[in-house]
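Take a look at the structure below.
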Amino acid sequence: MFFEVSVNLVRGKQSPDTHLPRATTVGEEYRRKDAWVPMERTRRVLAAKASRHSLKTDLEMLTMPGVGAEQRRALESESFCLQVLVDEEEELGEPIVRCCREARESCRRGSLTPSLTPNERRLRELVHMGAYGAAINHTAMLLSFHGQGRGRQGHPTIHTPQSLQLWYIRIALLVKTKSLAVAQAEAQPFSQLEKPDIFYQYYPEMYGGRTGSMASFSFRLLLAELPMHAGKPKDALRRLFCMWAAIKRMLNNLKQGVCEDGSATELEETDRAESLKLWRSREAKVIYSIINCACYVKDYGLAMELLAQLIEREDTPKHMLLSALGRLNLQTGNIAGAEICFNEAYLFGSSGVRELVDRGLFATAQGNFEEACACFQQASSLDPSNLMILNNWAVCMLHDGRMQEAISVLETAIASKPLENLHESLVLNLCSLYDLQSSKKGIMKKFALLRQISKYSADAPTTILEKLYG
């Protein structure tokens with residue numbers, strides 16, 4: 001992947017004499033950020049709530065989430081680190097079990113001591129230190145304060161921006177730790193965040209005249225992408241195109257002189273310009289996600305078509321998009337097309353690290369690994385913290401018959417900044433190189449690497465443990 005995440009409403013023009021309520025500048029930023037077009041059925045419920053009509057909402061129109069009970073065993077305490085495989089010790093060799101036990105004991109003695117007072121500050125600390133399992137457990141405790149904890153799925157509840165943000169963090173962490181079955185089960189009640197109790201208008205007594213979605217745009221995008229992570233990319237494409245259609249409608253409403261949701265509220269020209277800028281940037285994010293999803297299903301024609309559309313827009317970084325289009329051409333074997341894209345990218349200002357990486361990838365596609373290594377080495381000297389460059393450099397060294405140098409590059413990167421560079425892709429590549437080097441030495445080096453993970457990383461992804469054990 002090259003990126004690190006319609007119905008047009010036509011309205012007649014208002015008469016100059018028509019009185020329109022004016023949006024106040026106070027809170028305009030929040031109104032713009034929260035804007036969303038509700039579906040028709042949701043709009044009717046929200047209109048009834050706004051008029052204070054007594055209307056009983058059907059349960060099927062409510063969002064009733066809850067933490068899954070199946071999480072209890074896996075996330076019983078904040079000392080979750082390296083526990084995924086330790087629960088099945090009979091399947092592991094003694095050295096790896098010992099390393100995992102040492103890591104857990106270290107966590108218990110250190111900063112992963114269970115918290116008696118769950119709070120958002122503690123949650124941020126856990127995420128920052130990479131203790132994703134403990135952070136997931138922490139979100140469960142915080143959501144229980146909102147009446148949405150374990151066993152509460154299917155029960156009516158009151159949503160707040162804070163509770164929905166906690167759900168966003170929780171589901172994102174579940175995806176991060178590849179707990180995809182749990183993520184899907186807990187995300188199911190939210191659907192695509194179109195039910196009325198997700199909007200401020202559903203709670204007029206709590207939020208007065210505030211309008212829009214309490215759920216963040218990032219949460220909407222995560223839920224749309226979730227099926228792709230779970231191996232159902234076509235479902236993700238459908239959801240993403242629905243999001244794109246909604247954003248197109250909002251942009252069209254702004255161009256027609258009304259608010260994003262179609263309400264006839266007068267906006268200052270500066271506010272309207274800022275709204276157009278925000279939603280165009282969000283539209284681009286959705287298109288990037290569609291491109292990634294299209295690449296996942298190998299629909300490179302769709303990916304290239306969308307990239308070409310983005311390049312034609314005035315508000316996009318053309319040199320970066322042309323570079324991405326060139327890399328996509330390389331992936332499909334179109335070396336001549338890639339060369340054209342790279343040359344055009346340089347005309348728009350692509351230089352430095354990106355240009356060197358493009359040259360390295362181009363040389364790799366031609367089988368010129370010596371030149372590719374030189375390009376990646378130079379790029380790495382300019383951007384030493386870029387793990388993608390280090391990985392590509394090591395792979396090219398391997399193909400060039402310099403396996404020991406490839407191992408040294410990755411080992412040096414980890415030794416220099418273990419907290420930042422104990423990344424899953426880099427560790428997995430290093431383990432593969434150890435396997436190629438020597439079975440006996442490779443096992444010992446993998447155990448040493450596991451000890452580093454247990455020292456510097458609160459959680460180790462299951463894929464790393466499996467690779468280290470294998």
Quiz item: If you check every pair at least six apart or on different chains, which have Cβ atoms under 9 Å apart with a residue in region 413-430 that is assigned to a helix (DSSP H, G or I) first and a residue that is of a type in the set (Lys, Arg) second?
Solution: Pro418/Lys455; Val427/Lys467; Leu428/Lys467; Leu430/Lys445; Leu430/Lys446
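A quick yes/no check of all residues on (1) open to solvent by 40 Å² or more (accessible area, probe 1.4 Å); (2) out of contact with any helix residue (DSSP H, G or I) (no Cβ under 9 Å at 6 or more places or on another chain); (3) on the phi > 0 side of the Ramachandran plot; (4) in a helix (DSSP H, G or I):
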{"residue": "Ser163", "(1), (2), (3), (4)": "no, no, no, yes"}
{"residue": "Leu174", "(1), (2), (3), (4)": "no, no, no, yes"}
{"residue": "Gln184", "(1), (2), (3), (4)": "yes, no, no, yes"}
{"residue": "Gln192", "(1), (2), (3), (4)": "yes, no, no, no"}
{"residue": "Arg220", "(1), (2), (3), (4)": "no, no, no, yes"}
{"residue": "Asp235", "(1), (2), (3), (4)": "yes, no, no, yes"}
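On the basis of being in contact with a Cys (Cβ under 7 Å, 6 or more places away or on another chain) and either surrounded by fewer than 18 Cβ atoms within 10 Å (Cβ to Cβ) or modelled with pLDDT of 95 or more (or both), does Leu226 make the cut?
Details: in contact with a Cys (Cβ under 7 Å, 6 or more places away or on another chain): no; either surrounded by fewer than 18 Cβ atoms within 10 Å (Cβ to Cβ) or modelled with pLDDT of 95 or more (or both): yes.
In short, no.
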Practice problem: Could you list all residues from region 256-301 that are outside any helix (DSSP H, G or I), among the aliphatic types (A, V, I, L, M) and open to solvent by 50 Å² or more (accessible area, probe 1.4 Å)? | Solution: Val297
Quiz item: What is the number of the single condition among (1) surrounded by 22 or more Cβ atoms within 10 Å (Cβ to Cβ); (2) closer than 21 Å to Arg43 by Cβ; (3) not charged (D, E, K, R) that Leu240 does not meet?
Solution: (2)
Quiz item: Out of the residues in region 170-217 that are of a type in the set (Phe, Trp, Tyr) and farther than 24 Å from Ala230 by Cβ, which is nearest to the chain's Cα centre (by Cα)?
Solution: Phe199
Exercise. Run Val127 past the list (1) assigned to a helix (DSSP H, G or I); (2) modelled with pLDDT of 90 or more; (3) open to solvent by 10 Å² or more (accessible area, probe 1.4 Å); (4) closer than 26 Å to Ala230 by Cα and report the number of the one that doesn't hold.
Key: (2)
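Looking at Ser385, Ser408, can you tell me which residue is of a type outside the set (D, E, K, R) and in contact with an Asp or Glu (Cβ under 8 Å, 6 or more places away or on another chain)?
Values: Ser408 fails: in contact with an Asp or Glu (Cβ under 8 Å, 6 or more places away or on another chain).
Criteria check complete, one pass: Ser385.
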Practice problem: Scan region 130-150 for residues that are open to solvent by 40 Å² or more (accessible area, probe 1.4 Å) and either farther than 30 Å from Pro204 by Cα or at pLDDT below 90 (or both) and jot them down. | Solution: Tyr132
Quiz item: From the residues in region 304-340 that are more than 28 Å from Gly367 (Cβ to Cβ) and part of a helix (DSSP H, G or I), which one is farthest from the chain's Cα centre (by Cα)?
Solution: Glu312
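The values are calculated or read from the model by the stated rules, or taken from the named source; none is laboratory data. In this text the structure is predicted, and so the values were computed from the model without any measurement. In this analysis, Cβ positions are derived from the backbone assuming ideal geometry, glycine residues included, and neighbour counts consider all displayed protein chains. The protein model used for the area step is the full one, side chains on, heavy atoms only, and it has no ligands, DNA or RNA in it. Shrake-Rupley method; radii C 1.70, N 1.55, O 1.52, S 1.80 Å.
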